[in-house]
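*Asks:* To start, I am sharing the structure in question, which I have written as structure tokens.
The values are calculated or read from the model by the stated rules, or taken from the named source; none is laboratory data. On a predicted model such as this, the values are computed, not experimentally measured, just so you know. Cβ placement follows ideal geometry from the backbone for every residue including glycine, while neighbour counts extend to all protein chains displayed. Quick note on the areas: whole protein, heavy atoms, side chains included, nothing else; ligands and nucleic acids left out. Shrake-Rupley method; radii C 1.70, N 1.55, O 1.52, S 1.80 Å.
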Amino acid sequence: QIVASSLPPSINGAMASWPPLLALSFIFAASVAANDGFVYRQGSQLMVNGKPWWFIGANAYWLWDEAKWGDKEHINDFFRYCQDYNLKVIRIWGYSHNSPKARGVYDEYEMEMLDFIVASAGQHNIRLILALSNFWEAYRSPEELMSLAGEEVQGKDVLDYYRSSKVKQFLKDHFWNVVSRNNTLTGLAYRDDPTIMCRT
């Protein structure tokens, strides 16, 4: 695997002037095996099963909420439309309103809906990018993550967020909990499922 990571660069949306490199939190689901179905890099070229691979994709951060609202067929329809328009990669949230809701504590219903999304994407030959953290206030902001990690938020700024050993450990734990989860529908750990192209 190729691993390079940093923490999200914002508190109160203050990321506009931050160096773009700090916005990266990238764990690429690469594999040295050429025929295992995973996307991997060979030089500057993405490859799948030993062949060059290109894609167009879209952001569908709302997909997990759609699944939680109870209409799973909308998820299947969405991926069928992706096939119709030759979209091969979809970016979705890898966290939700109650996942995590504390260190190592997840809402199992929410996680099972994520399992369904991953399974449906795989059935429709769609790859997923899971965004595992976020800097927008509406969706698990740095302030909320700091609080969950046990940090006092009042009077803190973005540098405090980056420097906090509690936040770093909280995010590491969250990343590991997601990638090591066994999908209740496919039986695969997320880290072993080629449907998940990468985690950001």
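*Asks:* Please go through the stretch 176-200 and give me each residue that is of a type in the set (A, V, I, L, M) and open to solvent by less than 40 Å² (accessible area, probe 1.4 Å), ordered by number. Quick ask: steps written out before the conclusion?
*Replies:* Step one: of the stretch 176-200, the residues of a type in the set (A, V, I, L, M) are 178-179, 185, 188-189, 196-197.
Within the stretch 176-200, VAL178, VAL179, ALA189, ILE196, MET197 meet the criteria.
*Asks:* Quick test for you: out of VAL153, VAL179, pick the one residue that is modelled with pLDDT of 90 or more and of a type in the set (A, V, I, L, M).
*Replies:* None of the others qualify; the one that does is VAL179.
*Asks:* Could you tell me whether the stretch 51-72 includes any residue that is among the polar types (S, T, N, Q) and touching a helix residue (DSSP H, G or I) at 6+ places or on another chain (Cβ under 7 Å)?
*Replies:* Scanning the stretch 51-72 turns up no residue that is among the polar types (S, T, N, Q) and touching a helix residue (DSSP H, G or I) at 6+ places or on another chain (Cβ under 7 Å).
*Asks:* I'm told ASN177 meets every condition in (1) without any contact (Cβ under 8 Å) to a residue 60 or more places away in the chain; (2) part of a helix (DSSP H, G or I) except one. Can you identify the failing condition by its number?
*Replies:* Just one mismatch for ASN177, condition (1).
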